Structures are given as structure tokens and as C-alpha cells.
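One structure is given here, and the rest of the page talks about it.
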Amino acid sequence: MGKPAEEKSRKKKFVKSLSSMFVQSPAGGGSGSDTEARMLGPRTMGARKMRMGGGSPDGAQTPMSPTTPLTALSKLLQGRKSFKKVRTAVTTGFATPEDKQRYVDQNKAVEFSFWRILVATAVLSSTLSFGIDQFTFVTGVFRERFTTFTNWTGLAGIIVQDVILVIIARLVVRTTMECEGSGFPEMKAMLFGTILDNYLTVRVLLIKAFGLAMMLAAGLPVGKEGPNCHMAACIARNLDRDFVAKRSRSAVGQNQITKLLLAACAVGVGATFSAPMGGVIFSMELMLPQVQDFTSYWGCFLAGISGSFVYEILRTWFAGATSLLPLISTDVLPGEGSTSKYPCLRMCLDIGLGIVCGFLGGHWIRMHDKCTKAFKGFRFRAKAPAAAPPAGNGSAQEPLLGGEEKKGMCATLAKPFRAIYNFQWRDLLICSMITVITSICAATFPLLHGRDQPVLMSKLFAKEMIINSEEWVVHPLGIGGTLFCCFLVKWFTTFMSLSMSMPTGVVAPTMIIGGFIGRCYAHFLPDFIADFMLQNEDGSPVTDEVKGAFYARFAILGAAAFCAAVCRAFAMAISVFEVLALPNSVLPLCSCTITAIFVANKVELPFFDKNLAGRGLGGIPALTFTDHADAPAFSIMRKIDVTTDCLYFKTRLFDMHELLKRKPKQEWFAVVRPLDDGEAVLVGSMLRHNVDRLISMLDPDGSRPETPVDLMDPELQRPSDGAAPLVDGCPPHVTPSTTVKEVYLVMKIAHGENVLYVTRDGCLLGEVTFRDLMSHQL
């Protein structure tokens, strides 16, 4: 017997078992269409006929519960997949030793595949990161030679080259909008919500890598840690598609995919700075609150260490060195520039720098947000908004870009040509102007001169910078004026470059801005303070090397503090210390970074969370960085009227149909047992399509609307034929005093539950949906 026949036989058996338990309509009550029309009325009869397949008045087939396709990223990430609740067959149990051994063997096979994919992802991702670095290093050396006003012809040629690189990158990236931006906000949203398959394709991987390499080769102040995390996730997604496809069919399996994505973040950050510990802390810190276990914790460490090791081996091998080379370095010796007879005063100076970095970091995020909106408004000024797709049209594409995407080989091949044909001159003008401004400003100041970001950071962290100031100072400005002007150039060009719709990262460029802030902070301190802090016990004068180390340490603190204020990640202090391995810097780094994060929290949201809040996902920042996470559940719940919004445990088909008609957009319905005092006890829940299915099964022709139904019948909660249950007899619920953060964690642990009921002493008060939680306004 084929599967259709078996399904039909099972359905008949299930309907027969249900019908035998429910009492039919009372005798003498009448039957047929006339009786039903008098009982339900014309509107209800019309809806019933459409549900049964009669269609709308114009003959079109209309479902009872029409759905509208999602057309925005926020709507997609706010809602999670409602996984079908199934149970094992009656003959399959877990009582025998064979059953236990089979279950253990299956888990071991899954774990082995997980670790295999993890290590392969670390190796391939770090290799790709090294390849991008090598390409940008070669172009950077060539660009640095000509980015100067002493050679006008060479400068003009370099500017033209940079503009061409950026325009080519923009034309390529425009064909795949999923490649735009850092990728870190999307990764964070996927870890909070649902997996976006169209963000993790091979096409996205290749185009993002190409766009990032072009941006870095053009000398724009962008980082690569965010794109590295995104590309590592793409690699993990496509290494074993069968593994990911099988895991994505259930909520438990999606948790395993989430662990892969979390480890990918550790690989991306660790391979960028050769700092595996900082990468692990950074990934876990920005993804809070999450449920961490042994696999996710050690998976992040294994991936971060493996990726950093492979990156360092490749970098050392190609450089011909005899030992592992650091990405950034400093020539400050242990204890140099930090030894002082007044450690408390030195700590106050470190905290003061943290206050400055936190304040400036929060306002830098605001300026970047305004610049992004201004650029976006300019680009789409002459472009009419796209019409929303009609309701009821399904979309096979991930509803990220809106509408429905054409499929097929011809459409795939024509997509790049169609994007280039739609020549948006405003978009290319913005990219060209930012590139020209960045190149001219870099040529103006010898300290910048088109240097790669790791080289510039090492220059800022060097004590010899002040001693050899004649090499980079602009004489009309002096040392302080040159440093301040370089700070302004990096401040403005960085947030303008990050405002372009291109693959960009924020960590490395903000560390450079922080390094300039630290240099300016130390330089503008009165000389007597530095001499007082660094005076020797024997009264001998302070040497230039000691004073240079004193300034360099403030540059190191500023780099960690400002970047931490922008990203709101304490891991920046760990990464800086891990890379430089500078003694006597742990406590200053910690105090300065903590202060910067505290001050920045009072000014603005973190950089990545500001992006999510602008997309309608304010719940993620609220859960991560605001006091809203500690608000009680009753403050965000939707109150439920138990008399009109719920199903009674003993009801009629007519009442069930009326509830569907009153609540056309509600997907979950609570099942309650009413009490004499007007309250009701929560005893179960039903999905909308299960309510519709039960009505169709018990009354297929719509002739018995008064049929009573007992929703607590065991046949509905555990069908004897092994089918999926229609009623969930144990819906997840919390107390009114449960915090919003705990509500999210309960939903996370509950494996895909999209609704959580709020009860007091078992009585239903309201509900919190995952969509409401993710879109909770700050």
C-alpha cells in the first residue's frame, strides 16, 4: 500500500475515533443547510463555505486563514519556525538497552560531524583571511609609495586606481544585497531568531570576500572582522549541506547550527587579530544572552585557536620568519612608561581616558547612524518605492529583500547584468567621493600616507614615534596639531566609509581612532604632570624613551577603550593584551575599558545593536544592553480576555469557528478551564491550523455546528495512530514576575516555542510571543 493510501486510511481511522467520542447534535435541532444558516447567520455560513472549498463570490479559492508573505528583515527575524510537534511511533521506545545504545550512537555521529565541520571551517576561514591580507598588503605597499603630494602624477594615478577598485566592488556587491554591511548584526539576529539560508550561500561568500578585498586594497578605513565572521558562517553552512539540512528540520537541530555560527564568530575575530581568546570572548559577549553548554563553549575555543594558529603559520611562512609574527606590535619594554611613585594618580588618568573614549564612542555611533540615513536618502531620492507584494502570494525566497525572486538558470545568469544595467549614479557617486576624500587626506599627512591598518596601529603603539617625530609631523601644526588633525581625518572618513553599502568591519578602524585619542590625551596633558608621574627616585630627568613609552601606553589604552565603547565588548581589552603581551598593562586596560563601556551605555546603543534597532529588532538590544531585560513579563505581555480570546476545554464547533473569525491573525489559542470568579486555568493550547483541521474533520460538510468537543480528550493530545497531536496539553508558561531576559531564555530552551503564557497560580493572564519580544521598542 502506498503512502497516500496509508495516510487516507489513517485519517479515516482518526476521524472515526474522534467522532465516536463526541456527542452529535441534539435530536430535533434540525440539520442541513437551512438549520445551519439559521444558527450561524449569513456571514458565518459564507466563511464556512469558503473554508470547505466553496471559494469567494468571484470563484477564487480563498483559504480560511490567509497569510501574508514577510517583506522585511525584521519580520523574518522576529518570527521563528513553528516546528511540527511529532512523537515517536507507539512501537518505538527508550526502555531497552538497544534503544539507549542506538540513541547514543546517533548523538556520537552528530557530534563527530559537528567537530569535523568546525575544524575545517577554522582552517578554510583563516586561509581565506590570510589571502585577503596578502592581496591588500601588496596593493598597500604600492599605494603608500605614491600617496603623497610630492608626486602629483603618482597621487592622481593612485586616486583613480582606488576609485576604480571601489566602483568595481560596488557593482559586484550590488548584485547580492546580502553581502552589504558587516554581517555581524545579521549573525546576531540569526542566533536570536532563525537561520537565514540566503545569507549563508557560496555566492555570498565569494562576493563578500571580493568586495572586502577591493575595499581594503583601495585604502578605505574599514575592518574585516565582521565580514570574516560572516564568511566563516558561509563556509560552515556549505561544508556539509546534508548535515545542516537534517539539523534545520527541528528546533533541537537548529541549536546545533547555532553553535556552528557562534564558533564562526570566534574564528572570524580570532583570525583577524591572531587573538583566539579575545575572539572567543568577543563572540560570546556580543551574543548574550544565550544558553551556553559544553559544546558551544569548547567549540568556540577550538575554532578560535585553530583559525589563529593556521593564520599565524601562513603569515610566518610567507614572511620567511623563524618565529610566529604578531599582527600588531609595540617596542615598549616591560615596566617602561608605567612605573610611578603615584599609582593611584596614574589610575585616575586611565579612568579619565576611559571617560573620554566612552563619550566620544557613543557620539561616533550617532554620527555614523545619521550619515548612513543621509546617504541612503540621497541614493533613493529619485527612486520610487517598490510596491508591496499582494497578500497571499507565497515566496520561496527568504523574505529579506521583499517580494518574490525569479528562479531558474536564466534568472540567475541575468541578475548581475540586470544590476549593472540599473545604473544608480548616486550610489557610485557616494563611493567615489568618499574614496577621493580618503586618498587626499591620507596624502596630506605623512603619518597616514596610505599605510595598512596593522602598520598604522604598530606606529601608534611605538615609543619611537615621538622621538622620530620629524618623519611625520606637519611643521605648521606641530606634534599636537598633527595628531589632532589625523584623529579628525580618521574620525570622519571611518564613519563615512562604514556608511557605504559594502562589506566592512568596525573593530580595526575604531582601534586606530582610539589610538589617536590616547595620543592626543597624553600629549595635551601638562608637561609637569608627566614629569611628576615619571620622576625617578634619584631625581634624574626623564628620558625621551620613557616619555615616549608613557605616550604609547595611552595610545594602547585608547585603542582598546574606544573600540570597546563602540562595540560594547570588553573582549577588546583582552585582545589587545593578548596580541601585545605587554606587562603592567592588565589593570590599566581593564579600568579604562570598563569605564568607557559604562559611559557609552549612557550615551547610545552599541554599533551593531543600533543597526538592529533601526531594522525594527529593538528587542535584541533591549535584551543585551538595556534595563528592559530586567523588566517583568507582565509589562510586555498581551492581556488575554478568557471569555473572548480563548477556547474552553469543553466547547462547540460553532464557538471554535467564531473564535477563528474574530481573531483572523492569531496563530495560537489558549485552552482554559473557566472558574466561578471570572478567571480561567490554563490547561492547553492549539495552533490555528489545528483548530481549522479539527473542525474540518468532525464536521466536513458544515451541517453539525453544535457538536460538543472535549479538548482535553487524550485522543487529541496523544493520537492512538501516532499522528501529530492537535492539542498541546503542556504549554510553556511563566509567572508575572519573570524577567524579560528569562522569558527569552525559556523560549530558547523550549526548542522553538513561539508563544509563552503568563499565569498566576495557574490562571491565565496574558501571552508573550517571540515576535513581540524581538520587536520590543526601547
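The values are calculated or read from the model by the stated rules, or taken from the named source; none is laboratory data. Not measured: the values here are computed from a predicted model. Note that each Cβ is placed from the backbone with ideal geometry, even for glycine, and that neighbours are counted across all protein chains shown. Note: accessible area is taken over every heavy atom of the protein model, side chains too, but ligands, DNA and RNA are not part of it. Shrake-Rupley method; radii C 1.70, N 1.55, O 1.52, S 1.80 Å.
General remarks:
- Scanning the range 612-635 for residues that are open to solvent by 30 Å² or more (accessible area, probe 1.4 Å) and either assigned to a loop (DSSP other than H, G, I, E, B) or out of contact with any Leu (no Cβ under 9 Å at 6 or more places or on another chain) (or both) returns GLY614, ARG615, THR626, ASP627, ASP630, PRO632, SER635.
- Each residue in the range 100-130 was checked for being open to solvent by 40 Å² or more (accessible area, probe 1.4 Å) and of a type outside the set (Phe, Trp, Tyr), and 16 pass.
- Candidate set from the range 460-473 (those that are part of a helix (DSSP H, G or I) and among the hydrophobic types (A, V, I, L, M, F, W, C)); member that is most open to solvent (accessible area, probe 1.4 Å): ILE467
- Residues that are within 29 Å of the chain's Cα centre (by Cα) and not hydroxyl-bearing (Ser, Thr, Tyr) do occur in the range 715-731, at least one of them.
- Highlighted here are the helices (runs of 4 or more DSSP H) found entirely within the range 490-578 that include at least 1 residues which are touching a Pro at 6+ places or on another chain (Cβ under 9 Å), more than 22 Å from CYS265 (Cα to Cα) and open to solvent by 20 Å² or more (accessible area, probe 1.4 Å): 527-534.
- Meets criteria (touching a strand residue (DSSP E or B) at 6+ places or on another chain (Cβ under 9 Å) and in contact (Cβ under 8 Å) with a residue 24 or more places away in the chain) for LEU220: no
- Residue check, ARG241 among the basic types (Lys, Arg), at pLDDT 75 or above and open to solvent by less than 60 Å² (accessible area, probe 1.4 Å): no
- Scanning the range 89-122 for residues that are of a type in the set (Phe, Trp, Tyr) and assigned to a helix (DSSP H, G or I), we see that the one that is modelled with the lowest pLDDT is TYR103.
- Checked against the criterion of being open to solvent by less than 50 Å² (accessible area, probe 1.4 Å) and closer than 30 Å to THR624 by Cα, the candidates VAL743, VAL671 yield just one match: VAL743.
- Selected residue (criterion: nearest to GLU767 (Cα to Cα)) from residues of the range 684-715 that are touching a residue at least 40 places away in the same chain (Cβ under 8 Å) and of a type in the set (S, T, N, Q): SER685
- Single residue of the range 716-732 satisfying the filter (of a type outside the set (A, V, I, L, M) and open to solvent by less than 20 Å² (accessible area, probe 1.4 Å)) that is farthest from LEU765 (Cα to Cα): PRO719
- Any hit, the range 184-194, residues being of a type in the set (Lys, Arg), open to solvent by 10 Å² or more (accessible area, probe 1.4 Å) and either within 30 Å of ILE437 (Cβ to Cβ) or in contact with a helix residue (DSSP H, G or I) (Cβ under 7 Å, 6 or more places away or on another chain) (or both): no
- Within the range 535-558, the set of residues being under 18 Å from CYS348 (Cα atoms) and either of a type in the set (Phe, Trp, Tyr) or out of contact with any Asp or Glu (no Cβ under 9 Å at 6 or more places or on another chain) (or both) comprises GLN535, PHE550, TYR551, PHE554, ALA555, ILE556, GLY558.
- Any hit, the range 433-447, residues being more than 30 Å from the chain's Cα centre (by Cα), in a loop (DSSP other than H, G, I, E, B), in contact (Cβ under 8 Å) with a residue 40 or more places away in the chain and closer than 25 Å to PHE142 by Cβ: yes
- Selection from the range 695-709 of residues that are open to solvent by 50 Å² or more (accessible area, probe 1.4 Å) and of a type in the set (D, E, K, R): ASP701, ARG704, GLU706
- Exclusive hit being crowded, with 21+ Cβ neighbours inside 10 Å, at pLDDT below 85 and either more than 22 Å from CYS520 (Cα to Cα) or of a type in the set (Gly, Ala, Ser) (or both), set SER274, SER306: SER274
- Enumeration of residues in the range 586-611 that are closer than 16 Å to GLY278 by Cα and open to solvent by less than 20 Å² (accessible area, probe 1.4 Å): LEU589, THR593
- The listed residues are LEU488, LEU498, and the only one of them that is out of contact with any strand residue (DSSP E or B) (no Cβ under 7 Å at 6 or more places or on another chain), without any contact (Cβ under 8 Å) to a residue 12 or more places away in the chain, closer than 24 Å to LYS610 by Cβ and not acidic (Asp, Glu) turns out to be LEU488.
- Selection status of THR139, over 17 Å from CYS431 (Cα atoms), modelled with pLDDT under 90 and hydroxyl-bearing (Ser, Thr, Tyr): yes
- Subset tally (residues that are surrounded by 17 or more Cβ atoms within 10 Å (Cβ to Cβ), modelled with pLDDT under 90 and touching a Leu at 6+ places or on another chain (Cβ under 7 Å)) for the range 147-167: 2
- Only residues that are in a loop (DSSP other than H, G, I, E, B) and surrounded by fewer than 17 Cβ atoms within 10 Å (Cβ to Cβ) were counted across the range 636-654, and they come to 3.
- Close pairs (7 angstrom Cβ cut-off, 6 or more residues apart or separate chains): within 19 Å of ALA236 (Cα to Cα) in the range 102-118, assigned to a helix (DSSP H, G or I) and aliphatic (A, V, I, L, M) anywhere: ILE117/ALA236; ILE117/LEU239; ILE117/LEU260; LEU118/LEU260; LEU118/ALA263; LEU118/LEU302; LEU118/ALA303
- Residues of the range 474-486 that are open to solvent by 20 Å² or more (accessible area, probe 1.4 Å) and of a type outside the set (Gly, Ala, Ser): VAL474, HIS475, PRO476, LEU477, ILE479, PHE484, CYS485.
- Candidates THR759, THR735 - the one that is out of contact with any Gly (no Cβ under 6 Å at 6 or more places or on another chain), within 30 Å of SER775 (Cβ to Cβ), in contact (Cβ under 8 Å) with a residue 40 or more places away in the chain and open to solvent by 30 Å² or more (accessible area, probe 1.4 Å): THR735
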